[in-house]
Structure formats: C-alpha cells, structure tokens
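The values are calculated or read from the model by the stated rules, or taken from the named source; none is laboratory data. Everything numeric in this text was worked out from a predicted model, so none of it was measured. Note that each Cβ is placed from the backbone with ideal geometry, even for glycine, and that neighbours are counted across all protein chains shown.
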Amino acid sequence: MAGLTGALLVLPQGIAYAAIAGLPPEYGLYCAIGPAVIGALFGSSWHLVTGPTAPISIVVFSTLAPLAKPGSPEYIALALTLGFLTGAIQLAIGISRLGRLAHYISHSVIVGFASGAAFLIAASQLKHFFGLTGTQATGFFGQLAEAARLLPQADWHIAAAGAMALAAAIVSRRIHRALPHMIIGMIASAALATWFGGIPTVGDLPAALPRLSLPALDPATWAPLLTGAGVIAVLGLTEAIAIARAIALRSGQKIDSNQEVIGQGLANLTGSFLSGYPSSGSFTRSGLNYDAGAKTPLSAVFASLFLMLLIALIARWITYLPLAAMAGVLFLVAWGLIDRKEIAAILRGPKHERAVLLVTFSATLVVQLEYAIFIGIALSLALRRFGFAAEDEHGHGAD
C-alpha cells in the first residue's frame, strides 16, 4: 500500500519536475523508476525514496540550457551524461568514505537554495500560466520583467486553465491530505481546457518502460558538464542524507551516511543507462512513504512497479494536459519548497546561520545555480569556523 501511494504521488511530480528540467514528461517518470529501485536496495535508509526533485531539476536546466535546446535529442543526451557524471562523483565520494563530510554543510545552505529555487521555478512558469509568447528572457529578474511587460497580451482562457489546476489542487488537499491533489488539479484543468479548445498541451507520453540509454563517454563532452555535475552531486547527497536522518529520528533507525552516498551514486549511474536524469532523495515522497506504513526499502521498489503500470494505463490521456496546468502545479511545488518554519527558526538563530541563509538565497537568484550553492557552502564553512573560534574565546567551547 505504501508503494501504491508513492506511485500516485510521483506520477504528477515526475511530469512536473521534467518540465522544470527542460525534458519531455516521460523522463521525469523514468527517473522515478530505475534510480528509486537502486537507491532503495543499496542505500541504508528504510524509507528514503530516490527520484526526480525540484532543486536538482532546476540545476539540470541551468547547466544544460546554454549547451542545447531544451527538449531536443542533444539536450536529452547531455542530461543522461550529466546523470552519469553525477553518479560517478557520488560513488567516488562514497568509496573514499567521505560521505560524513555532508554533515558539515549547514542546513541553512539547503533552505536558502531551495527557497531561491522556488522563486526561479515560479518565474519560469509565468509564460505558460498566462500563455505569453515570444519570451526570451533568462534569470529570475529578467523573466519577471518580461512577464510584466507582456502581461497585456495574456490569453485569459489559458490562464483560467492554469488557475483551475491550482485551485482544484489546493481545495482537494485542504479536504484531505491523502487525496492525490496534483492529479485532481490536472484533471480539472484538462476538462476546462477541452471545453475551451485551442489551449497548448504537454503532448504525447509514450506508454513504454524506461528505454536503455548510453551516456556519452567522451571526455570532451564531459568538460562543460563537470561543474554542474559537482554541484548536483553535493546538493543531492546533502539533500538525501538530511532527509534520511530526519525520517530516521521518527523510525528509530540508525543511518549509515556513507552507505547512503554509495546508494545515491549507484542510483544516478544506473539511471543514466535507463533514460534517467540526475536524481536525489525526495522529502515529500520519503515522508509519505513512512506515513503510509512502509517498513522496508521494498516499498520504493513496489512504487516503481506500480508507476510502470500507471504509465501504461494513463499515457494516452497525458496529451490533454494543458501546459498551463503544469504551471499551476509547479506554483504549488515552488510554494512547498519554501520551508517557512525553518526560515523563521534560522532568522531567530545565530547571526552566521542567518547570513548563510540570506546570501545563499540571494546568490541563487542573481548568479548561475552551479555557483550559488558553492558560495553558500563556502560561506557556511568559513563562518562556522569563525563562529566556533569566537565561542571558544568566550569560553563556551565547540565540538
């Protein structure tokens, strides 16, 4: 039952996250099959669910968009290669037993990065939500300014379809958290779009299992991808270990961080040969997995099996899904990335953690994502060392 619940949740999430990454919708679902199985079987957590996530997806897009047209065969090939390199870096970290270093990365870095990514995701979907054409701007502020300039040209039938997805998803979630609110929102929007007619849709989804793929093994292809792969490797490991440890506090399990690193590395390496782009641990799906009663990692395996069955059943209906509905769902995803309780706690806490949060958040909006998280990590380590030294000087000590 936990596996079935997970499959129902990842179905709309996978499609939405593929849109963030600039990939056709099926690749988000493929990313939730192979990597989920390998991550479950080779990691240490009983409940961590590996697959597509919003922060990883937006770094994938940031890395690949300057190199190829999103959605093109060249872009897809680069995404698979990026997953291969990410997995190789993570596996090397795990084999070297350096996984414990992820504990030294401040939680404020992840909270600040995720919050900044939420704003980037929302800005990137404005054109789809309002049906704006001819938008070429990049970056948060550029996309926001261009959307404001083109807003008088908005197609309000398209915007209504997007608003329907957003409203139906919110209402259904308020009625009961167990309802598949994203699917309900998509269905409601598709029904309204069909009634209106002429609204752009996502397109066909192949009713097929993940295809065997071959990432590029040419070092010349690797060169422009290495920085992005390093960022994704570090971000993905930090995210996965933090999630695994958070759930372990509830389940009473002891987490082997280094084994978790190896599991994530193998998941990304294997996923690159099964049409999967870079993946990591998902907080929503992992939390739901625990709440649904999962006892062993086999729940993630069953979720993958159920997802393959769902793909076969619903693939032909995806063609009716409006792009505006995807935008509405992604607004919800973006809102969920902003951990308001954690932000409030950090802002009330030590000054150096507050500085890390604000700098990482700001860097995410104004510089390339590949560098934003490194800026946050570097500042976190520097201020943490300085802060401990200051505490020692006042006689409080530090571990």
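Summary table
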{"quantity": "Considering residues of region 297-315 that are small (Gly, Ala, Ser) and more than 17 Å from GLY51 (Cα to Cα) only, the residue surrounded by the fewest Cβ atoms within 10 Å (Cβ to Cβ)", "calculated": "ALA312"}
{"quantity": "Flag if LEU288 is under 29 Å from ARG211 (Cβ atoms) and either charged (D, E, K, R) or surrounded by 21 or more Cβ atoms within 10 Å (Cβ to Cβ) (or both)", "calculated": "yes"}
{"quantity": "Odd one out for ALA325 among (1) over 30 Å from ASP155 (Cβ atoms); (2) modelled with pLDDT of 90 or more", "calculated": "(1)"}
{"quantity": "Residue among THR270, THR227 that is at pLDDT 90 or above, of a type in the set (Val, Ile, Thr), buried (at least 16 other Cβ atoms within 10 Å of the Cβ) and over 23 Å from TRP335 (Cα atoms)", "calculated": "THR270"}
{"quantity": "Number of positions in region 92-101 that are assigned to a helix (DSSP H, G or I) and free of Cβ contacts under 8 Å to residues at least 60 places away in the same chain", "calculated": "1"}
{"quantity": "Residues (surrounded by fewer than 17 Cβ atoms within 10 Å (Cβ to Cβ), aromatic (Phe, Trp, Tyr) and under 17 Å from GLN125 (Cα atoms)) located in region 316-367", "calculated": "TRP335"}
{"quantity": "Among (1) of a type outside the set (D, E, K, R); (2) within 30 Å of ALA159 (Cβ to Cβ); (3) touching a Gly at 6+ places or on another chain (Cβ under 7 Å) - the single one GLY87 does not satisfy", "calculated": "(2)"}
{"quantity": "Filter result for ILE377 (within 29 Å of SER213 (Cβ to Cβ), crowded, with 18+ Cβ neighbours inside 10 Å and either among the hydrophobic types (A, V, I, L, M, F, W, C) or modelled with pLDDT under 90 (or both))", "calculated": "no"}
{"quantity": "Region 122-178, subset surrounded by fewer than 18 Cβ atoms within 10 Å (Cβ to Cβ) and on the phi > 0 side of the Ramachandran plot, residue modelled with the lowest pLDDT", "calculated": "GLY134"}
{"quantity": "Filtered residues of region 333-350 (kept if without any contact (Cβ under 8 Å) to a residue 12 or more places away in the chain and either assigned to a helix (DSSP H, G or I) or under 30 Å from PRO25 (Cβ atoms) (or both))", "calculated": "ARG340, LYS341, ALA344, ALA345, LEU347, ARG348"}
{"quantity": "Criterion: under 18 Å from the mean Cα position of the chain (by Cα) and under 22 Å from LEU205 (Cβ atoms) - qualifying residue of SER286, SER280, SER275", "calculated": "SER275"}
{"quantity": "Qualifying position, being surrounded by fewer than 17 Cβ atoms within 10 Å (Cβ to Cβ), out of contact with any Leu (no Cβ under 6 Å at 6 or more places or on another chain) and polar (S, T, N, Q), among THR221, THR238", "calculated": "THR221"}
{"quantity": "Region 146-201, subset in a loop (DSSP other than H, G, I, E, B) and of a type outside the set (A, V, I, L, M, F, W, C), residue nearest to ILE15 (Cα to Cα)", "calculated": "PRO180"}
{"quantity": "Wholly within region 10-91, helices (runs of 4 or more DSSP H) carrying at least 1 residues that are farther than 28 Å from HIS128 by Cβ", "calculated": "34-42"}
